[in-house]
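Written below as structure tokens is the structure these notes are about.
Any read-out appearing in this document is the output of simple, stated calculations on the displayed coordinates, not a laboratory observation. Please read these numbers as outputs of a predicted model, since none were measured by experiment. Methodologically, a virtual Cβ is constructed for each residue, glycine included, from the backbone with ideal geometry; neighbour enumeration extends over all protein chains shown.
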Amino acid sequence: MAKITQLSQLDLNQTYSYADYLTWRINVAIELIKGKIMLMLPAPNVEHQRIERQLLVAIDLHLKGKKCEVFPAPFDVRIYDRKKSILTSKEIHTVVQPDLCVICNSELLDKQGCNGAPDWIIEILSKGNSKREMQVKYQLYQEAGVQEYWLVYPEQQAIHQFVLDDNDQYQLKNMYAEDDMAIPYLFPELAIDLTEIFETEVEE
């Protein structure tokens, strides 16, 4: 079998597994959504990266000494229906790279990333990827059983917090903005100051 080094060697209409994904040596970032190849946008802009860094630092500091860990992209997260046990690479058809994810069950971690649903996922919207995060991934994360999902809106300086209810459906729990303190459902003792998260000016 020919070594896959370019996207043009792949059939975008074909359904692939995570086992296929692992063999590719492509120099563009992709995700697999139910077996279909999804191109990721070029490198995020400065504002996106600053927001991600600020959130990462705040969450990481809070999790020091706890069993949970936070991982930034690029980091492979293999997800599937929550009713299924851990699957093999050939059985998995969705692999995503959330901007940030928090994992409390260390058994889900292996050398390749996370095999199963993280407890908390954060996606920072960029122009061009909002539909994927707001619709496609929303459904994927809900089906997989990601307990808490944050959508971050840089332009509006806002965060929408979704939490699974007793029927395993996402409910909009809070909408944070401007100078609010955003409080994760899973970590109620953590208060994230949005004025720091969305700060864009460089201090002299």
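Here are some notes:
- Within the stretch 31-62, being surrounded by fewer than 17 Cβ atoms within 10 Å (Cβ to Cβ), without any contact (Cβ under 8 Å) to a residue 40 or more places away in the chain and not in a helix (DSSP H, G or I) holds for LYS36, LEU39, PRO42, ALA43.
- Of the strands (runs of 3 or more DSSP E) that lie entirely inside the stretch 87-204, those containing 2 or more residues that are within 19 Å of MET38 (Cα to Cα) and touching a Pro at 6+ places or on another chain (Cβ under 9 Å) span 120-124.
- In the stretch 1-45, the qualifying residues are those that are among the small types (Gly, Ala, Ser) and within 17 Å of the chain's Cα centre (by Cα), and the one that is nearest to VAL95 (Cα to Cα) is ALA29.
- Residue match in the stretch 103-119 (condition: hydroxyl-bearing (Ser, Thr, Tyr), closer than 30 Å to ASP20 by Cβ and surrounded by fewer than 14 Cβ atoms within 10 Å (Cβ to Cβ)): yes
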